[in-house]
Amino acid sequence: YAHRIPFLVKLNHNETLSYPNTYDQTLYASVEQAFNMGAVSVGATIYFGSEESRRQIEEISAAFERAHELG
């Protein structure tokens, strides 16, 4: 089904095994990597209101801008 089901990549994740949970999403992939793997879209999570939300917004805004450049 790989050629019929769109491939989406989530660019960040929250590591929840450590205590305490920091409510921080960390980038683990780039838009270029997703594009080279054949992804048709990228997604991300931002924890609005968390201590790290400003950084998360800046990172994801830049990533989404790059995704739009690639089409």
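The values are calculated or read from the model by the stated rules, or taken from the named source; none is laboratory data. Values in this document were obtained by computation on a predicted structure and should not be read as measured data. With ideal geometry, Cβ positions are generated from the backbone for all residues, glycine too; neighbour counts draw on all protein chains shown.
Would you check which residues across the range 52-71 are out of contact with any Asp or Glu (no Cβ under 7 Å at 6 or more places or on another chain) and not hydrophobic (A, V, I, L, M, F, W, C) and list them?
Across the range 52-71, the qualifying residues are Ser53, Arg54, Arg55, Gln56, Glu58, Glu59, Ser61, Glu65, Arg66, His68, Glu69, Gly71.
Please find, within the range 16-32, the residue that is farthest from Pro6 (Cα to Cα) out of those that are outside any loop (DSSP other than H, G, I, E, B) and of a type outside the set (S, T, N, Q).
Only one residue fits best here, namely Leu27.
Hey, can you tell me all the residues within the range 33-63 that are within 10 Å of the chain's Cα centre (by Cα) and either at positive phi or in a loop (DSSP other than H, G, I, E, B) (or both)?
Ala44, Thr45, Ile46 - these are the residues of the range 33-63 that are within 10 Å of the chain's Cα centre (by Cα) and either at positive phi or in a loop (DSSP other than H, G, I, E, B) (or both).
Please tell me if Val31 is of a type in the set (A, V, I, L, M, F, W, C), at pLDDT 95 or above, touching a Leu at 6+ places or on another chain (Cβ under 7 Å) and surrounded by 10 or more Cβ atoms within 10 Å (Cβ to Cβ).
yes
Looking at Glu69, Glu15, Glu51, Glu58, can you tell me which residue is acidic (Asp, Glu), free of Cβ contacts under 8 Å to residues at least 40 places away in the same chain and in contact with a helix residue (DSSP H, G or I) (Cβ under 9 Å, 6 or more places away or on another chain)?
Glu69
Tell me, which residue of the range 1-26 that is of a type in the set (A, V, I, L, M, F, W, C) and at pLDDT 95 or above is surrounded by the most Cβ atoms within 10 Å (Cβ to Cβ)?
Only one residue tops the list, namely Leu11.
Given (1) closer than 19 Å to Pro6 by Cβ; (2) touching a strand residue (DSSP E or B) at 6+ places or on another chain (Cβ under 9 Å); (3) not aromatic (Phe, Trp, Tyr), identify the lone condition not met by Asn36.
(2)
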